[in-house]
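Bear in mind that the values in this text are calculations on the coordinates, not laboratory data. Every value quoted in this text rests on a predicted model; they were computed, and no experiment measured them. Because the Cβ atoms are built from the backbone with ideal geometry, glycine has one as well, and the counts that use them run over all protein chains shown.
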């Protein structure tokens, strides 16, 4: 019997919370991708965005620390090539577009974000946009 795994796009802020704050409220997402309950989806653009943000001086991460964080995430991901996507709803932040494009191109089960600009697009977007709390509530108990 084949198990269907949930395929989610996790935005950068959600990933930062999981990767940088291992005892935070969304740390169960790490357990979920490690155990195969969810499969995070990535594209070249979303991975580039994560790399860019991990280099912010405020995080004070060494190159080795960044590599360790990525090694705890990227091997569990499904990489998706985003070539063309249908028109997207108007999005205020251009850095949000790659996450919407990825969700559509991959036919993701959901886009998980705490970004109010993305959450506001929920009625106009064909893929469910979930807050981290809502997404976590759908996971099986630990």
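Does residue 108 satisfy being in a loop (DSSP other than H, G, I, E, B), under 13 Å from the mean Cα position of the chain (by Cα) and within 15 Å of residue 6 (Cβ to Cβ)?
Details: in a loop (DSSP other than H, G, I, E, B): yes; under 13 Å from the mean Cα position of the chain (by Cα): yes; within 15 Å of residue 6 (Cβ to Cβ): yes.
In short, yes.
For the range 90-105, a residue qualifies if it is over 17 Å from the mean Cα position of the chain (by Cα) and either surrounded by 13 or more Cβ atoms within 10 Å (Cβ to Cβ) or within 27 Å of residue 37 (Cα to Cα) (or both), and exactly one does: 91. Take the conditions over 16 Å from the mean Cα position of the chain (by Cα), within 25 Å of residue 25 (Cα to Cα) and either touching a residue at least 24 places away in the same chain (Cβ under 8 Å) or surrounded by 15 or more Cβ atoms within 10 Å (Cβ to Cβ) (or both) and apply them to residue 59. Does it pass? Spelling it out, residue 59 is indeed over 16 Å from the mean Cα position of the chain (by Cα), within 25 Å of residue 25 (Cα to Cα) and either touching a residue at least 24 places away in the same chain (Cβ under 8 Å) or surrounded by 15 or more Cβ atoms within 10 Å (Cβ to Cβ) (or both).
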